[in-house]
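The values are calculated or read from the model by the stated rules, or taken from the named source; none is laboratory data. Quantities reported herein were computed from a predicted structural model and do not represent experimental measurements. Every residue, glycine as well, gets a Cβ built from its backbone with ideal geometry; the counts of neighbours run over all protein chains shown.
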Amino acid sequence: MSRYCSLESFLQAIRGRLLVSCQAVSGDPFDHPGAMARFAAAAILGGAAGIRANGAGDVGSIRKVVAAPIIGIDKRMASDGRILITPDFEGAQALAAAGADAIAIDCTRRGQRYGALERVRRMRRELDTLIVADIATEEEAAAAVEAGVHCVLSTMRGYTDETASLQEFDPAFIASLRRAVDVPVIAEGRIHSPAEACAALDAGAVAVIVGTAITRPANITEWFASALRKREAAAGSSHVVAVDMGGTNTKAGIVSASGEFAFQIVAPTPGGGRTALLGHLKATIQRCVDHAARSGLTAGAIGIATAGWVDFETGSIAYATENLPGWTGTQVKSSLEAEFGLPTFVENDANVLAHAEKRFGAARELNDFVCITLGTGVGGGCYANGALIRGANSFANAIGHLCIRPGGLACTCGRSGCLEAYANAAALVRMTGDPALQSAEEVIGAANAGHPGACAAMQACAEALADGCVNVIHLLDPRMIVLSGGLTQANQLLPRQLEEALARKVMNWGRRSVEVRVSTLGYHGGVLGAAALALENEK
Ligand SMILES: [Zn+2]
């Protein structure tokens, strides 16, 4: 005698709750009544209100450990060579005897061809259990209700010839089923997440049955394993072409999503104006694209770092100095997209260093930081609130031209007293004033070895840099300053002197947390930045 022989008591036990289908396919390591009983016990422990199980053996075994309602089914091979749910009366009788409170029967069109509706009528007359119908369409549900089932279950949706194309759980079908019949609807079939279970109840199901997502370890493992394989495959294909075109050299390469170079080249940047520069850029990209094709890599986008100020939206050069003659006004993005058919992103070469640090470097976890590059010129890129500052006219981040010595030295920009005139390579050599030290590299070596004149020049450079940084820090309150460029190579002294000067000069220094770091991305920082730009924007 079943505990839940009335529909009312059955519904009271399961309403708004989860039932767990505990079944193992033949040959599965868990294909054993004892194993299914343990799954069922665990399901109840986790809050399930009922169990669905296959075969009198499993049902009997589960009944010994579970007091909650059990929906029994009897899966058998039918004469068409396919499995059918509870295809004969004797199977239903055995389930009832084993302790099933309800018995499910395949009432789809195929099930009906095997006499499902007649079987429902006989079960109503001869068995003291509830009878529920596994169906795939509203019509099948209506026929089953007409024959006398107590509930309908969406179990077969997507598993019959007529519905085979439906591979996802669809709450709209539950709502439609709910309107088509006047018996309770239980949602079952391809419900793989708590969110889908909630959606089923929202759509009007009285309860939800989940099987595979809870009780099939092999399937669940496969979901994870396959996601990881897909991720790996996607990572293998997400390479970009990245180019850093400076006034002297052009560096380029194929770069992976994690910043590895699959290919790299360096070529001198030609003079001769816009046509020559654009032709050079296209030839450089073509070499990368050809290499990618030979290596079986797919380049998904192109990133370009270029000297000059860039309108990021249009990818055109807002202004370039005579380092790149004729470059001002060039429509870089559109001409490269027309040539290669790949999404192309163009950015100022100092700005891309900030992208590089954000994606691959010291600032990976940070939303507010400033990159300053110290070489022939002084440039920078500022991130605020997680985004690069570009400005209204693409002229933001002109850190080299912050005025630190009003009325001071003339600058390349035509003004005077700019940071660049006090903190670039030429300034460092000039301030050393030692004819024996002719290059910034020599000064750095001497200063780090304790040469007094070189040390003093480095100190003056650090003071100037600090004066520029004070203004940036007061404006943006960054978490980190990342230094890069020739003046930071093999130079322990400069970052230390800078930090000491900042501690003296910055308001509320003790209450801030500002780190000074030297970039570890090195020589290819610009190419990595162009790659980061392309990777961030391609999707
Ligand atoms: Zn200037």
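Only one residue in Glu168, Glu188, Glu196 is closer than 30 Å to Phe10 by Cα, acidic (Asp, Glu) and in contact with a strand residue (DSSP E or B) (Cβ under 8 Å, 6 or more places away or on another chain). Which one? Step by step, each of Glu168, Glu188, Glu196 is checked, and only Glu188 is closer than 30 Å to Phe10 by Cα, acidic (Asp, Glu) and in contact with a strand residue (DSSP E or B) (Cβ under 8 Å, 6 or more places away or on another chain). For region 419-444, a residue qualifies if it is over 16 Å from Leu374 (Cα atoms) and small (Gly, Ala, Ser), and the qualifying residues are Gly433, Ala436.
Comparison of Ala301, Ala363, Ala305 shows that the only residue that is in contact with a helix residue (DSSP H, G or I) (Cβ under 9 Å, 6 or more places away or on another chain), more than 14 Å from Leu533 (Cα to Cα) and among the small types (Gly, Ala, Ser) is Ala363. Gly377 meets each of the listed conditions (1) away from the ligand (no atom under 16 Å from the Cβ); (2) under 39 Å from the mean Cα position of the chain (by Cα) apart from (1). In the set (1) under 21 Å from Val25 (Cβ atoms); (2) part of a strand (DSSP E or B), Gly81 fails one condition alone, (2). Cβ-Cβ contacts under 6 Å between residues 6 or more apart (or on different chains), taken from a first residue in region 398-412 that is free of Cβ contacts under 8 Å to residues at least 24 places away in the same chain to a second residue that is in a strand (DSSP E or B), are listed as His401/Cys418; Gly408/Ser416; Ala410/Ser416; Cys411/Cys418. With respect to being closer than 27 Å to Ala40 by Cα, surrounded by fewer than 24 Cβ atoms within 10 Å (Cβ to Cβ), aliphatic (A, V, I, L, M) and assigned by TED's automatic domain parsing to the domain that holds Arg17, Ala97 fits the description.
For region 494-525, the tally of residues that are part of a helix (DSSP H, G or I) and at pLDDT 95 or above stands at 12.
The residues of region 72-91 that are closer than 15 Å to Met123 by Cβ and not aliphatic (A, V, I, L, M), listed by number, are Gly72, Asp74, Thr86, Pro87, Asp88, Phe89, Glu90, Gly91. Any residue in region 335-349 that is within 15 Å of the ligand (Cβ to nearest atom) and under 28 Å from Ala457 (Cα atoms)? Checked region 335-349: no residue is within 15 Å of the ligand (Cβ to nearest atom) and under 28 Å from Ala457 (Cα atoms). For region 336-359, taking the residues that are touching a helix residue (DSSP H, G or I) at 6+ places or on another chain (Cβ under 6 Å) and surrounded by fewer than 21 Cβ atoms within 10 Å (Cβ to Cβ), the one that is nearest to Gly400 (Cα to Cα) is identified as Arg359.
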